[in-house]
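Below is one structure, written out as structure tokens, with a few remarks after it.
The values are calculated or read from the model by the stated rules, or taken from the named source; none is laboratory data. Everything numeric in this text was worked out from a predicted model, so none of it was measured. Because the Cβ atoms are built from the backbone with ideal geometry, glycine has one as well, and the counts that use them run over all protein chains shown.
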Amino acid sequence: MLNYFAHHTAIIDQGAKIGNGTKIWHFSHIMPNSQIGEECNLGQNVVVSPNVVLGNNVKVQNNVSVYTGVVCEDDVFLGPSMVFTNVINPRSAINRKTEFKQTIVKKGATIGANATVICGNMIGEYALIGAGAVVTKNVLPYSLVVGNPSKHIGWVSEYGHRLVFDQDGFAICDESKQVYQIQQNEVKRVK
């Protein structure tokens, strides 16, 4: 008996591992040797390629292809039609499957609709990538980045709210009352 839900139009290849409580919707394809955690939600027309790892509670919105080389930790949100790449210099006539680069999306990060993440980069914990951004380099934890190429414009809390730091380098998230500290261009939650 399956401990996850898959719509009857979804294709689940043999060898895919899918955690309890996960939902896979219309016309999605889960390829062999991929690992999907518990309580994930994969929208319509999602492709999860071989050897991809999705942690627990990952939300993948409609029309997202998660290519070989991508690792998403727990609580990651992948917005509608966002794009991952896995080869730096693709050519149709040249097979570069041995050149796939790893992309890591750390715990709690959000990637907005229609954003593109160039392979080989790391998206830090709880970072927020704005809709349509093109990520060409690593993104710091709690960073808010937008544009093409993406640029850092601020910091966000674990709840996704903008953080405003005082002269001592502290900020409090209005919603959660969590306290954050900035030191040497890095943000950490301290309470």
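Find the residue count for the range 155-191, including only residues that are surrounded by fewer than 18 Cβ atoms within 10 Å (Cβ to Cβ) and over 19 Å from the mean Cα position of the chain (by Cα).
Final tally of qualifying residues: 25.
Which residue, of 128, 78, is of a type in the set (A, V, I, L, M, F, W, C), under 18 Å from residue 178 (Cβ atoms) and touching a Ser or Thr at 6+ places or on another chain (Cβ under 9 Å)? Before the answer, list the steps.
On the way: 78 fails: under 18 Å from residue 178 (Cβ atoms).
After ruling out the rest, the residue left standing is 128.
Kindly indicate which of 89, 121, 114 is loosely packed, with under 14 Cβ neighbours inside 10 Å and either closer than 16 Å to residue 64 by Cα or of a type in the set (S, T, N, Q) (or both).
Numbers: 121 fails: loosely packed, with under 14 Cβ neighbours inside 10 Å; 114 fails: loosely packed, with under 14 Cβ neighbours inside 10 Å.
When all the criteria are applied, what remains is 89.
Let me spell it out: the conditions are (1) crowded, with 17+ Cβ neighbours inside 10 Å; (2) farther than 26 Å from residue 137 by Cα, and residue 47 meets all of them except one. Which number is the exception?
Looking at each condition in turn, residue 47 falls short on (2).
Cβ contacts < 6 Å: first residue over 15 Å from residue 53 (Cα atoms), restricted to the range 17-31; second residue at pLDDT 95 or above and of a type in the set (Val, Ile, Thr), any location; separation 6+ or different chain. Result?
Pairs found: 26/9; 27/9; 28/46.
Can you go through 71, 87 and tell me which one is in contact with a helix residue (DSSP H, G or I) (Cβ under 7 Å, 6 or more places away or on another chain) and either touching a residue at least 24 places away in the same chain (Cβ under 8 Å) or assigned to a loop (DSSP other than H, G, I, E, B) (or both)? Steps first, please.
Values: 71 fails: in contact with a helix residue (DSSP H, G or I) (Cβ under 7 Å, 6 or more places away or on another chain).
Only one candidate passes the filter, namely 87.
Condition check: over 25 Å from residue 85 (Cβ atoms), among the small types (Gly, Ala, Ser) and out of contact with any helix residue (DSSP H, G or I) (no Cβ under 6 Å at 6 or more places or on another chain). Does residue 43 satisfy that? Outline the logic, then answer.
Values: over 25 Å from residue 85 (Cβ atoms): no; among the small types (Gly, Ala, Ser): yes; out of contact with any helix residue (DSSP H, G or I) (no Cβ under 6 Å at 6 or more places or on another chain): yes.
Answer is no for this residue.
Has the range 140-150 got any residue that is surrounded by fewer than 16 Cβ atoms within 10 Å (Cβ to Cβ), over 23 Å from residue 164 (Cα atoms) and more than 10 Å from the chain's Cα centre (by Cα)?
Step one: filter the range 140-150 for residues surrounded by fewer than 16 Cβ atoms within 10 Å (Cβ to Cβ), giving 147-149.
Narrowing further to those that are over 23 Å from residue 164 (Cα atoms): 148-149.
Narrowing the set further to residues that are more than 10 Å from the chain's Cα centre (by Cα) leaves 148-149.
Yes, the range 140-150 has at least one match.
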